[in-house]
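Here's the structure we're looking at; comments come further down.
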Amino acid sequence: MNSTTAARVLSLDEAAAYRPQQVVELSRELAAAKHQLDWFKRQVFGQKSERRIIDNASGQMSLGEAIDQDQVASPLPPVGRQVAAHTRRPTTRKPDIGDDSLPFFDASRVPVEVIELSVPEAEGLSPEQYEVIGHKNSYRLAQRPGSTVVLNYRRPVIKLKESQTIVCPAAPVGVIDGSRADVSFIAGMLIDKFAYHLPFYRQHQRLADGGITVSRPWLTQIGQQGIALLEPIYDAMLGSIRASRVKAMDETPIKAGRAGPGKLKAAYFWPVYGELDEVCFPFFESRRIEHVAQALGLSPVERGVLLTDGYTAYEHYTKKTGLTHAQCWAHTRRRLFEAKDVEPEAAARGLDFIGGLYAVEDRIREQKLSAAKKLDYRLLHAKPIVERFFAWVNQQFEAQGLLPSNPLTKALAYARERRFGLEVYLTDPDVPIDTNHLERALRAIPMGRKNWLFCWTELGAKHVGIMQSLIVTCRLHAIDPYDYLVDVLQRVGQLPASRVQELTPRLWKQLFAANPLRSPLHSLRP
């Protein structure tokens with residue numbers, strides 16, 4: 001059927017003239033189009049979660065168990081029972097006496113303003129007529145129009161009488177030479193933009209509403225200069241990830257740089273996750289193969305493993321460097337999940353196999369097994385499931401009952417082509433079953449895209465990658481990004497370049513987190 005025919009509705013006579021082969025081809029095209037339409041509807045309106053909800057009442061058993069239908073008796077109807085009638089008493093609540101014995105905040109970090117209340121019964125009485133025996137505290141969460149503070153350093157100008165010399169202390173030196181921005185302001189501005197996805201123009205509006213008049217370009221310049229101070233720390237952390245034996249890598253799109261009037265270039269972040277819970281977001285202008293080598297380097301680690309989603313660029317890199325290429329079971333599962341609407345029974349069978357593998361991983365985590373015991377447990381429990389899964393895949397192809405364009409056929413072919421990579425985790429206890437840990441870490445990029453939409457320049461995209469690398473890694477190590485940035489923005493200019501790796505979030509937590517550098521604002525009473 002040509003495009004002209006597809007663009008209009010056929011008449012009855014034209015449809016009757018179709019040969020059987022044309023009808024079959026038309027049905028294939030309609031089935032493929034319906035599958036695509038259903039996928040788009042789910043992306044726009046439906047639930048994107050791939051969690052399967054299995055009805056236990058259907059009698060479905062766990063993987064590996066068999067049910068003899070002849071031995072299963074038909075279920076009896078539930079027996080009714082009498083329930084004594086009663087009257088429910090109304091819920092009684094204690095009167096609100098305003099005593100909150102358990103505060104809902106960290107008093108060491110949150111400013112608390114104390115408001116003393118008077119006792120009406122004590123009005124007109126002298127202090128000798130009553131005794132204060134204690135206090136009850138009631139906490140209320142309040143907010144000022146703006147939390148930005150201006151620090152006024154009053155520098156006295158004095159005249160020494162003996163020498164008639166006029167002296168004045170120098171203005172405090174900030175992390176950015178000659179800037180009006182305190183380190184706390186720089187850190188807060190970067191956290192607002194990259195952790196909470198508040199673009200600079202919105203921050204500029206908030207400052208103006210709070211009575212602070214600065215230009216929007218000044219905010220951008222302060223942000224760029226602050227990120228430039230942090231770039232050596234990012235480079236050191238990327239070097240640590242490159243040295244990891246097991247790494248996971250993916251790519252996610254970003255619009256960055258002008259491609260012409262009203263157009264932006266399609267570029268990519270290539271997030272890479274190291275075995276020490278560090279993640280970096282290198283930025284490159286495309287999805288070409290050479291960017292993998294540019295991000296990871298060409299000096300492979302001994303017995304190194306690269307875990308990916310199966311993109312051909314990673315296969316090319318692992319062959320070039322001799323690394324082992326492990327692949328992700330979650331992506332294989334996703335292909336089967338997308339085929340469940342077309343072939344529900346077969347897709348459900350494949351999903352059951354993969355669900356069994358994840359059940360094994362759940363038990364390993366629950367038992368907190370060591371590396372050696374984890375390896376033995378996977379070989380004993382997961383390997384047989386993997387073998388049965390691929391045997392089932394081969395049986396589906398031997399049946400030859402599926403069309404090449406069928407989503408299930410594509411899912412099975414995807415799994416069979418990647419069998420070696422999918423089995424790597426069975427023989428290496430340090431290799432995860434999937435890249436979900438990386439997928440969770442890179443959520444910061446799509447979240448940001450929904451707020452700032454694009455990066456006007458490639459430099460801006462690079463800065464996004466630097467900041468998200470540090471902030472996401474802070475989250476992975478349970479570090480407050482604000483405290484971290486306030487400290488390292490000051491400390492990076494104090495340490496020699498040979499020690500900059502000490503400022504990566506992982507090492508900073510060990511060396512400096514107990515006594516971090518603070519802003520002068522921290523010493524003032526709120």
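The values are calculated or read from the model by the stated rules, or taken from the named source; none is laboratory data. Everything numeric in this text was worked out from a predicted model, so none of it was measured. Note that we place each Cβ from the backbone using ideal geometry, even for glycine, and neighbour counts take in every protein chain shown. In case anyone asks, the SASA skips ligands and DNA or RNA and just uses the protein heavy atoms, side chains included. Shrake-Rupley method; radii C 1.70, N 1.55, O 1.52, S 1.80 Å.
Couple of notes before you dig in:
- For region 246-285, backbone nitrogen atoms closer than 16 Å to the point 7 Å from F454 Cα along Cα-to-C-beta are found at 253-269, 285.
- Three-way shape call for region 420-521 based on the alpha-carbon gyration tensor, with the a/c threshold at 1.5: oblate
- Per-peptide packing, taken as the mean over residues of other Cβ atoms within 10 Å, places 436-446, 272-282, 245-255 in the sequence 272-282, 245-255, 436-446 from highest down.
- In the context of the full set of protein chains, residues of region 471-515 present 46 Å² of accessible surface per residue (probe radius 1.4 Å, heavy atoms only).
- In terms of the mean number of neighbouring beta-carbon atoms within 10 Å, the peptides 382-389, 509-516 order highest first as 382-389, 509-516.
- Radius 11 Å from Cβ of A259, net charge of other residues (Lys, Arg +1; Asp, Glu -1): +3
- Surface composition of region 275-379: carbon and sulfur atoms hold 48% of the protein heavy-atom accessible area at a 1.4 Å probe.
- Shape category assigned to region 364-495 from the gyration tensor of Cα positions, a/c cut at 1.5: oblate
- Leading residue at positive end of dipole, region 137-292 (Cβ point charges), from A256, T165, A236: T165
- All Cα-Cα separations within region 154-221 were binned at 10 Å from zero, giving a P(r) of 17, 37, 21, 14, 9, 3, each value a whole percent of the pairs.
- Average accessible surface for region 201-299: 45 Å² per residue, computed with a 1.4 Å probe over protein heavy atoms with every protein chain in place.
- Per-residue packing, averaged as other Cβ atoms within 10 Å, sorts the ranges 123-134, 222-233 into the order 222-233, 123-134, beginning with the highest.
- Within the accessible area of region 462-526 (1.4 Å probe), percent carbon and sulfur: 52
- Pair T213, A17: separation of 7 Å Cα→Cβ label points (nm): 7.8
- Three-way shape label, region 293-407, alpha-carbon gyration tensor, a/c 1.5: oblate
- Accessible area (Å², per residue) of region 390-466, counting only protein heavy atoms and a probe of 1.4 Å: 50
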